[in-house]
Every structure is written in C-alpha cells, then in structure tokens.
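Notes for the one structure printed next.
The values are calculated or read from the model by the stated rules, or taken from the named source; none is laboratory data. Quick caveat, the model's predicted, so the values are computed rather than measured. No Cβ is skipped: glycine too gets one built from the backbone with ideal geometry, and neighbour counts run over all protein chains shown. Quick note on the areas: whole protein, heavy atoms, side chains included, nothing else; ligands and nucleic acids left out. Shrake-Rupley method; radii C 1.70, N 1.55, O 1.52, S 1.80 Å.
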Amino acid sequence: YRERGHAMLLHYRATLPHRSRTVPLLVDGSRVLRDSTDILLHADSLAPASRKLFPSDPTQREQVLKLEDEFDKRLGPQVRRVAYDRVFPMGPAMAEMLRGKVPDWEIAALQRGYAVAVAVMRRGMNITPAKADQSLVRVRAQCDAVAAALGDRAYLVGDQFSAADLTFAALLAPLLDAPQHPMRLVGPAWPAPFLALREEFSAHAAGRWVLRLYAQHRRP
C-alpha cells in the first residue's frame with residue numbers, strides 16, 4: 001500500500017472526495033473503506049493464514065471484535081483528547097512533529113492558522129483541560145483493565161497476535177514512544193506535561209506490553 005499523510009483539518013481535502021471526514025481511509029480500486037475496523041477486516045481477508053488478525057474460532061473471533069470495538073470507542077477518543085490538550089500549548093511549533101510525514105505546505109499552513117485550527121479541534125473533539133483530565137482517568141482505567149486481563153499471557157485473545165492487540169497498541173501509542181512506530185512523533189521540545197504522560201504510561205504494565213508488541217510485531 002501507499003500511505004498519504006495529511007496535517008490535521010487539511011486532511012479534508014483528501015477525504016471529502018470519498019465522502020468521509022475522518023481517517024484512516026483506505027482506497028482499494030473502486031472500494032473505499034472509511035473505518036479502521038472495516039480496513040482491518042479487509043486486510044485480514046487478503047492475509048495468509050499465518051498472518052490473520054481475526055481468529056478462525058467463532059468464540060475467539062467474537063472476543064476480538066468486541067475488544068477492538070471497545071478500544072476504538074473508549075480508548076482512542078480519550079487518548080486523543082488528553083494528548084492534544086497537553087501538546088497544544090507548544091504553539092505553531094507543534095506542527096514540526098509532522099515534518100517528513102505530510103506535505104511541507106500543509107505544515108506551513110497549519111502554523112499560519114494555528115490558533116484557528118486549535119479552536120476548531122478543541123470544539124470538534126470537546127477538548128478542555130477538565131475534559132482532558134477526565135479522559136486521563138479513563139485511559140488509566142483502561143490500561144489497568146488490560147493489564148489485569150493479560151496477566152502472564154502474551155496476547156489478549158488466544159495465543160496469537162490479533163486485531164485486539166493491534167488496536168490497543170495503536171491507540172495507546174501517542175502516549176508512548178515506540179521506536180518501531182511508523183509515524184513516530186518526535187517533537188522539537190515536548191511540553192513537560194506531555195513528557196510526564198509518556199513516562200507514566202511507558203512504566204505501566206499495559207504500556208510495557210505495548211512496547212513489546214511493537215518490538216516483536218512491527219517491522220522496520
């Protein structure tokens with residue numbers, strides 16, 4: 001596949017022609033997949049047996065689908081809210097974390113219109129300091145629950161890496177710093193509150209597990 005990255009809000013230029021406001025979005029010929037779960041299922045249908053993300057066992061498959069949906073709804077928005085709230089104070093310099101991942105002109109445009117962009121994002125994603133603090137409590141609770149569910153096991157469902165593991169790892173990743181992450185966010189100077197989040201979750205049992213998943217399953 002070929003990935004095309006875009007800066008926040010400016011991604012609409014790429015997604016609206018496909019009748020979508022959100023990412024990720026996968027275009028495979030004439031087929032357009034506008035949801036991460038649909039993309040995972042599509043990829044899984046094309047994958048060899050050794051690399052399937054959804055178990056063939058009906059009970060385990062249902063467990064994976066349930067966890068993937070739970071993380072998508074309960075973890076992703078919470079991580080996004082708290083992470084953005086902690087990095088917005090960087091000002092236009094925040095856009096530099098996208099350097100090399102999106103067109104340069106989009107970085108320049110985001111920097112020029114930074115105040116407006118932040119206002120739109122805060123309103124659209126309900127990002128306030130109070131809401132971010134509430135989201136942080138929920139992220140911690142979700143991490144505690146996953147750590148408890150894992151125990152000494154390597155994976156959430158069965159004995160193979162699945163879409164449940166992938167989804168949790170991908171959604172918690174902004175609060176970590178996995179060297180193998182394909183969109184590693186290397187900021188010019190992260191604010192102390194954001195660095196504190198990364199330190200906290202990197203030390204959490206669930207965070208350590210995610211970092212192991214990236215090391216074991218994410219190819220360079």
For residue 59 and residue 195, compute 0.36 nm times the residue count separating them, minus their Cα-Cα distance, and round to one decimal in nm.
45.0 nm
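Find how much the distance from residue 217 to residue 12 grows on full extension, using 0.36 nm per residue of separation minus their present alpha carbon separation; answer in nm with one decimal.
70.7 nm
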Could you give the nm distance between label points at residue 32 and residue 144, where each point is 7 Å from its Cα heading toward the beta carbon?
4.3 nm
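I'd like the carbon and sulfur percentage of the solvent accessible area for the stretch 144-198, probe radius 1.4 Å, heavy atoms only, ligands and nucleic acids excluded.
Within the stretch 144-198, the accessible surface is 60 percent carbon and sulfur.
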Over all directions, the stretch 96-146 yields a Cα convex hull whose mean projected area in nm² is 5.0 nm²
Between residue 104 and residue 153, what length in nm is gained on full extension when 0.36 nm per residue of separation is reduced by their alpha carbon distance?
13.3 nm
For residue 43, net neighbour charge (Lys/Arg +1, Asp/Glu -1) across residues whose Cβ lies under 14 Å away
-3
Among 139, 39, 27, whose Cα sits farthest toward the positive end of the charge dipole of the chain (+1 at Cβ of Lys/Arg, -1 at Cβ of Asp/Glu, about the Cα centre)?
27
Please find the FRET efficiency linking residue 51 to residue 183, where r is the Cβ-Cβ separation and R0 is fixed at 25 Å, and quote it to the nearest 0.05.
0.70
Do the sum for the chain: with -39,500 (n - 2.57) for every DSSP H run of n ≥ 4, divided by all residues, what is the mean residue ellipticity at 222 nm, to the nearest 500 deg cm²/dmol?
-16500 deg cm²/dmol
Cross-link partners of residue 73 among aspartates and glutamates (Cα-Cα below 14 Å; sequence separation of 8 or more within a chain)
35
For residue 66, give me every one of the lysines with a C-alpha distance below 19 angstrom, ignoring sequence neighbours fewer than eight places off in its own chain.
52
In a shell of Cβ-Cβ distance under 15 Å around residue 207, excluding residue 207 itself, what net charge do Lys and Arg (+1) and Asp and Glu (-1) give?
-1
Of every hundred units of 1.4 Å-probe accessible area on the stretch 57-101, the number belonging to carbon and sulfur atoms, as a percent, is 47 percent
At q = 0.13, 0.15, 0.17, 0.22 Å⁻¹, the log10 of I(q)/I(0) for the stretch 98-220 from a Debye sum over equal Cα scatterers comes to -0.66, -0.85, -1.03, -1.35
For the chain, what is the accessible area per residue in Å² when the probe is 1.4 Å?
57 Å²
The whole-number value in µm²/s of the Stokes-Einstein translational diffusion coefficient for the chain, with Rh from the Kirkwood sum over alpha carbon pairs at 25 °C and 0.890 mPa s, is 132 µm²/s
Run the quick spin-label model on residue 19 and residue 125: label points 7 Å from Cα toward the beta carbon, then report their separation in nm to one decimal.
2.7 nm
Net charge near residue 61 (other residues with Cβ under 12 Å of its Cβ; Lys, Arg +1; Asp, Glu -1) is -2
Wrap a convex hull around the Cα atoms of the stretch 44-155, take a quarter of its surface area, and give that in square nanometres.
10.0 nm²
For helix 205-217, what angle does its Cα long axis make with the longest principal axis of the chain, in degrees from 0 to 90 and rounded to 10?
80 degrees
